[in-house]
C-alpha cells in the first residue's frame, strides 16, 4: 500500500465519520435557537470544518506527485498485543486486578518474544503484589477483584 | 524586613523542611505514574493537614504540587507516556532524546528547566501577585475566547510538517471534548443514549490511551532490536553552562508564559506547556530540530508547566479564585487551616504569604536535588527488555486509569484512544493537536457563547474589546508569520544559490 492510497482511505473515513455525525447533530432540533443558546452550533461548525479538511486531504492525495511506500510493521506482534491488551482491560474489572495481571504478564511477555521464565515469574509476582499494596495502603485505591491480606 | 525574617524562621524548622522534602519526593513518584497526578497527590495529603502545624501543611502541599508536576516528565521522557497531562508536550522531544541514547541529558534538562521555571514564577509571585491578579480580573468571556483562539495557533506550530493532518487532528480533539452535557444548557450531545458518554470523555484516560497505549502498540509493531542498544545512558546529566546560556532566552520566555497562563483561572498547566512549546518551536533558531530530541522543546514544556504552579497561586491567594483544579483543592486546605485567601491576606497575614513564596523557591530547589537523585533509579527502567517493559506499562495504564473513577468505561476509553492513536500515527497524523483541541474546547466554546450572550449574539462586537482585539491580531500574525518567514527564507536561499 502506498501513502497516497492510505491518505485517500483516511480521508474517506474522516468524510464518512464527520458526515454521519453532522447528520446526527441535526436531530438535536435547535434550528431557530440563537448561537449562544444552541448546543448544536459549535459541534456542527467543527464537523463542517472537518469535512472541508478531509476533502482537502483527499484532493491533495490525488495531486501528490510521488507515492512513497509506508513503513512495514510486525502485524502479528501488533495483533497479539492488541488482543491481549483488550482482554486484559476487560478482565481487569470483571475478573479482578490480581488474576488478570498474573495471566497478562507471563502470556504477553512470552508471546512477544521474552523467554526468561524466572524473570517473568519474579516480575509478575513483584508487580502484582507491589502495585496492589502500594495502591491500597498508600494511595487508598483498592484495585478490583480479590485482594491480598492487609494487616492494619 | 521583619515579616521576611519571621517567614524565614517559620520555614527553617524541621517540620517545614521535612514536609517539603517528603512532599516533593512523593509528588515526583506519583507524578511519574501515568493516570495519577497532582490532584490525587494533594487530595491524599489533605487528611494530614489536620494534624500537622499550619506551616508544615502548606509546605507539604506545595512540595506535592511542584514534585508531581515535574514527575510527569520522567515517564514522558523514558516511556513516551506523560505522567500528567502537563507533560504531554515534553514527550515530543524528551522521548526522541532518550531513544537517541541521551535519557540522562533529557532528564537533566527537564529537571533544570522545571526548577528554574518554578523559581522564576515564585519570584514573580512575590513581587507582583496583587497586580497580576488585577490583570486577570480584566479577562472576561470575550477575552477568554480570544485567548483560546490564540492558544489554538499552537496546532499550526506543532503540525508544520503537515498542516492538513494537524488541523484534522485538532478538530477531532475539539469535537471529542464536546461529547456529553452542554455546559450552558445541560442538553446531551452525541451521547447516543449512553449513560457513561453523557459524562463526557475524561482527559486522563483519553490522554493515557492516546500516548501511552498507542506507544505500546507502536513499539511492538515497529520493534527494532538495534534501537534498544542506544537507550542505555542511565543516570542524570546536568546540561553544560554554555548550553544553558545558549537557551536562556527560551527558558525565560517559557517561564513567563507559564506564569502568565497560570494567573488566568481555568486554563492550567497542560495549555501552558503546549502554548510554550508551540511558541518555542515558532521562534527558536533550532526550530527545525524540534521533534527529534531538541532540548528547547523540553525546556519550553517543563519550565512553563512548573511556572504554572506559582502562577496559579496568584489568583488563589489574591482573590480566593483558584487558578486550576489543583489550587482549588489547596484553597480548601488553606481554608481548613483558618487562612482566608483574598485581597486582605497580604495585609493581615503578610508573613504567611512571604512564607509561601519562600517555600515555593525551596520546594523547587529540593525538587531539583530529588530529581537528580531519583533519575538513576528511574532510568534503570530503560534497561528492561522491551516486551516485558511494555507489558508492565499496560498494567500501570490500567491501574492508574481505574484509580481515577473506578470506572470500566475509562478503561474502554483508554483502549479506543490507544487504537486510534496508533492508526493516526501510522499515517503521519500528529497527536499533540488532538490534546490541544481537547483541552481548549471547553474554554473556547463556553466563553464564546457567554460572550455572545453579553453582546446580544453579535460576533462583531467582540472586536470592540481592546484586550480581545489585541489577541485576535496576534493570533492572525502567529498564523500567517510562519508561512511568510518560510517563503522569505526560501527566496533568500534561492538567491544565494543563484549568486554562487
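No lab work stands behind these numbers, since they all come straight from the coordinates. Keep in mind it's a predicted model, so treat the numbers as computed, not measured. Methodologically, a virtual Cβ is constructed for each residue, glycine included, from the backbone with ideal geometry; neighbour enumeration extends over all protein chains shown.
Here are some notes:
- At R0 = 51 Å, FRET efficiency that the Cβ-Cβ distance of residue B:491 and residue A:55 yields, to 0.05: 0.95
- Just so you know, the averaged projected area of the alpha carbon convex hull for the range A:3-63 sits at 4.2 nm².
- Förster radius 51 Å - calculated FRET efficiency between residue A:116 and residue B:476 (Cβ-Cβ, nearest 0.05): 0.30
- Prolate/oblate/rounded label for chain A (Cα gyration tensor, a/c 1.5): oblate
- Using all pairs of distinct alpha-carbon atoms, the Kirkwood hydrodynamic radius of chain B works out to 23.0 angstrom.
- For chain B, calculated [θ]222 nm from helices alone, where every DSSP H run of n ≥ 4 adds -39500 (n - 2.57): -24000 deg cm²/dmol
- Taking every alpha-carbon pair within the protein assembly as shown, the share separated by more than 39 Å comes to 31 percent.
- Modelled this way, with points 7 Å down the Cα-to-C-beta line, the labels at residue B:483 and residue A:142 are 5.9 nm from one another.
- Cα gyration tensor category, rounded, prolate or oblate, for the range A:75-138 with a/c compared to 1.5: oblate
- For the range B:226-378, averaging the sequence separation of C-alpha pairs within contact (under 8 Å, six or more residues apart) and dividing by the residue count gives a relative contact order of 24 percent.
- As an equivalent ellipsoid, the range B:413-500 spans semi-axes of 35, 29, 7 angstrom, where each value is the square root of five times an eigenvalue of the C-alpha gyration tensor, largest first.
- Once C-alpha pairs closer than 8 Å and six or more residues apart are averaged by separation and normalised to the residue number of the range A:75-138, the relative contact order reads 31 percent.
- Placing a pseudo-label 7 Å from each Cα along the Cα-to-Cβ vector at residue B:461 and residue A:150 gives an inter-label distance of 5.6 nm.
- Whether the range B:72-167 is rounded, prolate or oblate, judged on the alpha carbon gyration tensor where a/c under 1.5 counts as rounded: oblate
- MRE, 222 nm, helices only [DSSP H, n ≥ 4, -39500 (n - 2.57), over chain A, to nearest 500]: -22000 deg cm²/dmol
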